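Input: a single structure, listed below in structure tokens.
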Amino acid sequence: MGLLIYGEWQRYEFDDRQLAHVKAAVQHKLRMHECFLMSWVQAEHSMGRISVWMSPEIPLTFQFAGSRRPTLNEHWVRVMEHMSNTPRGMVVLSEEEAMQVMRAPGTASAWA
């Protein structure tokens with residue numbers, strides 16, 4: 001399990017593959033100096049729903065358990081990037097959930 005370290009002391013665990021996709025989506029937004037809300041459910045640790053404000057001014061570290069970089073699914077990254085532009089903000093999804101969003105009726109134009 002990898003870690004998303006937000007600020008100086010808040011640590012959140014993610015599967016390395018999912019964390020790599022979150023990193024790609026977040027890095028693109030922060031490189032453009034965009035702020036956004038990012039949320040996810042971390043039920044396996046009884047923490048419920050977590051939301052953090054992502055801003056270039058807040059220290060952010062991605063720490064991976066494994067040494068190999070996973071191959072990125074660009075569609076997965078794009079879905080999360082797209083969600084960050086909505087009032088709900090970026091929602092961290094599983095790969096399967098992201099593919100379901102892409103296949104949903106009426107969303108084809110968003111991914112063209």
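Filtering the stretch 1-22 to residues that are of a type in the set (Asp, Glu) and either over 13 Å from Ser94 (Cα atoms) or in a strand (DSSP E or B) (or both) leaves Glu8, Glu13.
Tell me, please, whether a residue that is of a type in the set (D, E, K, R) and touching a residue at least 24 places away in the same chain (Cβ under 8 Å) can be found in the stretch 36-54. Within the stretch 36-54 (the criterion being of a type in the set (D, E, K, R) and touching a residue at least 24 places away in the same chain (Cβ under 8 Å)), the answer is no, since none of the residues qualifies. Looking only at residues of the stretch 14-28 that are modelled with pLDDT under 95 and in contact with a helix residue (DSSP H, G or I) (Cβ under 7 Å, 6 or more places away or on another chain), we find that the one that is farthest from Ser84 (Cα to Cα) is Phe14. Out of the residues in the stretch 30-64 that are of a type in the set (Ser, Thr, Tyr) and over 15 Å from Met90 (Cβ atoms), state the one that is modelled with the highest pLDDT. It comes out as Thr61. Being closer than 24 Å to Ala104 by Cβ, among the β-branched types (Val, Ile, Thr) and surrounded by fewer than 19 Cβ atoms within 10 Å (Cβ to Cβ): is that true of Val41 here? Considered against the rule, which asks whether it is closer than 24 Å to Ala104 by Cβ, among the β-branched types (Val, Ile, Thr) and surrounded by fewer than 19 Cβ atoms within 10 Å (Cβ to Cβ), Val41 comes out as yes. Residues that are assigned to a loop (DSSP other than H, G, I, E, B), of a type in the set (S, T, N, Q) and at pLDDT 90 or above within the stretch 82-112 comprise Ser84, Asn85, Thr86, Ser94, listed in sequence order.
Strands (runs of 3 or more DSSP E) fully within the stretch 23-81 that include at least 3 residues being of a type in the set (A, V, I, L, M, F, W, C): 36-41, 49-54.
The values are calculated or read from the model by the stated rules, or taken from the named source; none is laboratory data. Small disclaimer: the values here were computed from a predicted structure and weren't measured. Here the Cβ is made from the backbone with ideal geometry for all residues, glycine too, and neighbour counts use every protein chain on show.
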